[in-house]
Structures are given as structure tokens and as C-alpha cells.
Amino acid sequence: MKKHWYDYLWIVSLSYLILGFFNILFAWLGLLCFFIPLIIAVAGGSKAYCNRYCGRGQLFALVGGRFGLSRKKDVPRWMKSKAFRYGFLAFFFTMFFLMLWNTYLVFVGARDLSQAVTLLWTFKLPWHWAYRGTLFHPGVAQFAFGFYSVMLTSTVLGFVTMLLFKPRSWCVYCPMGTMTQLICKAKNGRSVSDP
């Protein structure tokens, strides 16, 4: 099968995680993974990003498929259910807006910069080596720590479900996938197939 340039976007996802480990300000690049799927869904009415351009999905497919680190089992029916997917989307956005609130508090001086990455919305990991101060406001760094936490957490969840089930099991309940699917349904006025 002929390879295309977008078949190598898994390198971008892996590079993002590595760069954020050494300099947290690279976490801002993750906003591309947030806005591009939405733009494609709104403009084209399709889930082309999920199906073709998602570097994270490609990374899971590579590690779980080609390297054989997946049990290749079907995901449970409850994980595919609308209740779980929409519930996870609501929870994810609650945590996202909480991260934005903490960033706002740093911007207005009500809270000091927290140089930690929160994994799975619970475990605070010291990440002080990745930020040494810049010309930017501490709020810029706070957003980076928060956003990297979101991206790292979703990657860890994706790897866990990759190990337990099929390589791209994360795609079944990915908040961006759920959201773009809702956009496509609204735009096209018809059903868009689930991952």
C-alpha cells in the first residue's frame, strides 16, 4: 500500500510529547489538535481528521498493531454507548474549563504558577525542569502546564485501552472524535458512522 505524507503524522504526536517534556511552552502546539478537527468538521462535514490525519490514532495503531502490544479485543459495548461517550465528553470539558479557570487565576495574580503536570486529573507530577521563566506572563506557562496535562492524560488513557483492546480503542470515546461527529451530524443532517 502506497504511503502518503499524512501516514507519518504519528511522528508529530510523539514529538509533541517529547518536546513538552523538555520545554512546557511547546504544549501550546497542542491547540492545533484541538482546532484542526473542528475546522475540518465544520468546513467539510466529515471526520477526515479522525480517519486520516490524527497522529495519536496512528501512534496507537503503530504501537498496538505493528509492534503487537494490543490484545486486539473488541471494546466493551458500554464504552461504545452514547451515554459513556457523551458523559466522557462532558467530564473532559469540565476538566478543560477548570484548567482554563486556573490559568485565568494566574493571569490575574490570584494564584502562583504551578509547575506541575496533573496526570489523570489527580496525580500532580513535578515538571519544574521544563520551564525556566521567559519573557511571557506566568499565565502563558500555566496554560501550557494545564494543556500538556490534558494531552498527556488522554495519551495515557489511549495507551491503556490500546493494551486492553484494539489498537485504536481510544478513538471510540475520544472527546474530539465525539465532538466532530456531533458537528458532522448537525451539518449533514444525517447519521455519521461511529468509529
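Just so you know, all these numbers are worked out from the coordinates, no wet-lab data involved. Here the structure is a predicted model, which is why all the values come from computation and not from measurement. We place every Cβ from the backbone using ideal geometry, glycine too, and count neighbours over all the protein chains shown.
Take the residues in the range 164-185 that are among the polar types (S, T, N, Q) and assigned to a helix (DSSP H, G or I), then tell me which one is surrounded by the most Cβ atoms within 10 Å (Cβ to Cβ). Explain how you work it out, then say what you get.
Pass one, the range 164-185, residues among the polar types (S, T, N, Q): 169, 178, 180-181.
Now drop any that are not assigned to a helix (DSSP H, G or I), which leaves 178, 180-181.
On the way: THR178: 22, THR180: 24, GLN181: 20.
Ranking the candidates gives THR180 first.
Check whether at least one residue in the range 140-152 is of a type in the set (Val, Ile, Thr), assigned to a helix (DSSP H, G or I) and under 24 Å from GLY55 (Cα atoms), and report yes or no. Full working, then the answer.
So in the range 140-152, the residues of a type in the set (Val, Ile, Thr) come out as 140, 150.
Next cut, assigned to a helix (DSSP H, G or I) only: 140, 150.
Now drop any that are not under 24 Å from GLY55 (Cα atoms), which leaves 150.
Yes, some residue in the range 140-152 is of a type in the set (Val, Ile, Thr), assigned to a helix (DSSP H, G or I) and under 24 Å from GLY55 (Cα atoms).
Within the range 109-120, does at least one residue satisfy the condition of being in contact with a Ser or Thr (Cβ under 9 Å, 6 or more places away or on another chain) and either surrounded by 20 or more Cβ atoms within 10 Å (Cβ to Cβ) or farther than 19 Å from GLY30 by Cα (or both)? Give the derivation first.
Looking only at the range 109-120, we keep the residues that are in contact with a Ser or Thr (Cβ under 9 Å, 6 or more places away or on another chain), and these are 116-120.
Then drop every residue that is not either surrounded by 20 or more Cβ atoms within 10 Å (Cβ to Cβ) or farther than 19 Å from GLY30 by Cα (or both), which leaves 117-118.
Yes, the conditions are met somewhere in the range 109-120.
Please list, ordered by first then second residue, the pairs with beta carbon atoms under 8 Å, 6 or more apart or interchain, first in the range 50-79 and within 21 Å of LEU38 (Cα to Cα), second of a type in the set (Asp, Glu).
Pairs found: GLN58/ASP7.
Looking at THR155, THR161, THR134, THR94 in this structure, which one is farther than 26 Å from LEU62 by Cα, outside any loop (DSSP other than H, G, I, E, B) and of a type outside the set (A, V, I, L, M, F, W, C)?
None of the others qualify; the one that does is THR94.
Does any residue in the range 125-144 that is in contact (Cβ under 8 Å) with a residue 40 or more places away in the chain come within less than 6 Å, Cβ to Cβ, of a residue that is assigned to a loop (DSSP other than H, G, I, E, B) and not small (Gly, Ala, Ser) six or more places away or on a different chain, and which pairs are these?
TRP127/GLN115; ALA130/ASN23; TYR131/GLN115; ALA141/LEU113; ALA141/TYR131; GLN142/LEU113
Filter the range 80-89 down to residues that are surrounded by 12 or more Cβ atoms within 10 Å (Cβ to Cβ) and free of Cβ contacts under 8 Å to residues at least 24 places away in the same chain, then give me how many there are. Give the derivation first.
As a first pass, look at the range 80-89 and keep what is surrounded by 12 or more Cβ atoms within 10 Å (Cβ to Cβ): 80-81, 84-89.
Subsequent filtering for residues that are free of Cβ contacts under 8 Å to residues at least 24 places away in the same chain retains 81, 87.
Summing the residues that are surrounded by 12 or more Cβ atoms within 10 Å (Cβ to Cβ) and free of Cβ contacts under 8 Å to residues at least 24 places away in the same chain in the range 80-89 gives 2.
Being of a type in the set (S, T, N, Q) and under 17 Å from LEU152 (Cα atoms) narrows it down to one of SER13, SER81, so name that one. Spell out the reasoning first.
Working: SER81 fails: under 17 Å from LEU152 (Cα atoms).
After applying the criteria, what remains is SER13.
Just the residues that are hydrophobic (A, V, I, L, M, F, W, C) and surrounded by fewer than 15 Cβ atoms within 10 Å (Cβ to Cβ), please, taken from the range 1-27.
So the first thing to find is which residues in the range 1-27 are hydrophobic (A, V, I, L, M, F, W, C), and the list is 1, 5, 9-12, 14, 17-19, 21-22, 24-27.
Matches in the range 1-27: MET1, TRP5, ILE11, ILE18, PHE22.
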